[in-house]
Amino acid sequence: MPLIKARAHRVDVVHHGARLLETNRDTLRRYATFIKETPDYVLNRLIETTIAKDREFLTWLAEHPGETVAEPTPHRRAHRDGSL
């Protein structure tokens, strides 16, 4: 039985780019195929289920109810050789 269930309904989403290790990307894609879902859905569920169990973060969050979500900082894309 999969740890992550396929979604029951669609929700609003926002775009967020992320860089993954190649092996994690491959595992993510395979798991999404396994449950017949998208990699985005799997990532969202992983975040929801993992962070929901982080008691230290939940305590911090309760102590900082007005904390705003930081805007992502612009970054320059690195070349394959590591140079900018």
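Nothing in this text is a laboratory measurement; each read-out follows from the coordinates by a stated rule. What you are looking at is a predicted structure, and each value in this text was computed from that prediction instead of being measured. Cβ coordinates were reconstructed from backbone atoms using ideal geometry, including for glycine residues, and neighbour counts include every protein chain displayed.
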Two-site label geometry, residue 35 and residue 13: point separation in nm, points 7 Å out along Cα→Cβ: 1.3 nm
For a label point 7 Å along the Cα-to-beta-carbon line of residue 62, residues of region 16-55 with backbone N under 18 Å: 51-55
Ordering of 33-44, 52-63, 13-24 by packing [mean C-beta count within 10 Å, highest first]: 33-44, 52-63, 13-24
